[in-house]
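Here the structure is laid out as structure tokens; the discussion comes afterwards.
The values are calculated or read from the model by the stated rules, or taken from the named source; none is laboratory data. Since the structure is predicted, the reported quantities are computational estimates derived from the model, not experimental observations. Neighbour counts are summed over all protein chains in view; Cβ atoms, including those assigned to glycine, are modelled from backbone coordinates with ideal geometry. Note: accessible area is taken over every heavy atom of the protein model, side chains too, but ligands, DNA and RNA are not part of it. Shrake-Rupley method; radii C 1.70, N 1.55, O 1.52, S 1.80 Å.
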Amino acid sequence: VQLQASGGGSVRVGGYLRLTCTASGNTETINGVGWYYQAPGKQREMVAAITTSGRTHVSDSVKGRFTITKDAAKNTWYLEMNNLRVEDTGVYYCRAVVTTQPPVEYWGQGTLVTVSS
């Protein structure tokens, strides 16, 4: 599985961005996809995740502002980010877990989001 993340950019506080993660390869083995972000000097942490059945989880820090969705036909997952804050600044990565035993994870390259006041 290969993942391609895109959509990052520079916005002002309160702005909007939509990140896109497109998968290729053995996409039928993907069990779930998550978006993670890494602020400068900090550890990577999960922002939102979605399973193949559509169940979602969003971290408390972005709840009500970020939404994760998927377009199964396009093997594409989105992270819609509304009302962006300065503290949302960082590199965003998408991660896929596949249905192997043991499970294997794949990461896309990061896409940089910069929010300025």
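Below, the figures for the structure above:
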{"read-out": "Percent of C-alpha pairs per 5 Å bin, region 1-64, short to long", "value": "4, 13, 19, 27, 22, 10, 5, 1"}
{"read-out": "The chain - accessible surface per residue (Å², probe 1.4 Å)", "value": "54"}
{"read-out": "Quotient of C-alpha Rg and 2.2 N^0.38 Å, computed over the chain", "value": "1.02"}
{"read-out": "Thr56 versus Arg44: modelled label distance in nm, points set 7 Å from Cα along the beta carbon direction", "value": "2.2"}
{"read-out": "Net lengthening on full extension, Asn26/Lys74 (0.36 nm per residue, minus Cα-Cα)", "value": "16.0 nm"}
{"read-out": "Unit charges on C-beta of K, R, D, E only; dipole of region 6-91, Debye", "value": "120"}
{"read-out": "Ratio of the Cα radius of gyration of region 50-90 to 2.2 N^0.38 Å, where N counts its residues", "value": "1.28"}
{"read-out": "Extension gain, Thr114 back to Asn82 (0.36 nm per residue minus Cα-Cα distance, nm)", "value": "10.2 nm"}
{"read-out": "Furthest towards positive pole of dipole, Gly25, Ala73, Val62, structure part the chain, Cβ charges", "value": "Val62"}
